[in-house]
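Some notes on the structure that comes next.
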Amino acid sequence: MSGARAAHYNGARSIIEQGPFLLTDEYRCKILRLLEAQPQLTQRELARALGVSLGRVNFCLKALVEKGLVKAANFRNSNNKKAYLYVLTRRGIGEKARATARFLDRKLAEYEALRREIETLRREVRR
């Protein structure tokens, strides 16, 4: 049994259960897309690209690894002796597509609601 699963069964909550609101479809989609394109990105670079804290990126990456969507592998870097390469697993590739579809559906629904609200406000202003 993996350490994360063992901790869960010993009464501790898994990283996923500790803060599901931190790894929303939006961030899952964005992180998986960024890592697929640039697996050598550091956590600091991911945080900068996403506009979030380094702690949040660290939490999200741990959750993605725990879920089996991302695999973290050590590699040597001339600038940094210990660096990680974040590679999407097959499950991660599939989840990226599903998360992207869910995120797109939500954004389209938000767009339509905003469009209707703008049209209503325009009608009120014309009166």
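The values are calculated or read from the model by the stated rules, or taken from the named source; none is laboratory data. Keep in mind that this is a model prediction, so the values were computed, not measured. Because the Cβ atoms are built from the backbone with ideal geometry, glycine has one as well, and the counts that use them run over all protein chains shown. Heads up: the accessible areas ignore ligands, DNA and RNA and are worked out on the full protein's heavy atoms, side chains in. Shrake-Rupley method; radii C 1.70, N 1.55, O 1.52, S 1.80 Å.
In what order, largest first, do Leu85, Leu104 sit by accessible area if the probe radius is 1.4 Å?
On the way: Leu85 55, Leu104 95 Å².
Ranking Leu85, Leu104 by accessible area, largest first, yields Leu104, Leu85.
Report relative contact order for segment 33-107 in percent, whole number only (criteria: Cα-Cα under 8 Å, sequence separation at least 6).
Numbers: 69 pairs, mean separation 21.5, N = 75.
Across segment 33-107, relative contact order equals 29 percent.
Arranged from highest to lowest average of other beta-carbon atoms within 10 Å per residue, in what order do the peptides 108-115, 59-66, 94-101, 37-44 appear? Mind showing how you got there, number by number?
Values: 108-115: 10.0, 59-66: 21.0, 94-101: 16.0, 37-44: 13.9.
Descending packing order for the listed peptides: 59-66, 94-101, 37-44, 108-115.
Using the per-residue mean of other Cβ atoms lying within 10 Å as a proxy for protection, in what order, highest first, do the peptides 26-33, 50-57, 67-74 fall? Present the calculation step by step, with values, prior to reporting the outcome.
Numbers: 26-33: 20.2, 50-57: 14.2, 67-74: 15.8.
Order by mean packing, descending: 26-33, 67-74, 50-57.
Pop the C-beta distance of Ile93 and Leu50 into the FRET formula with R0 = 25 Å and round what comes out to the nearest 0.05. Each step should come with its number before you reach the end.
Working: r = 20 Å, r/R0 = 0.79.
It comes to 0.80.
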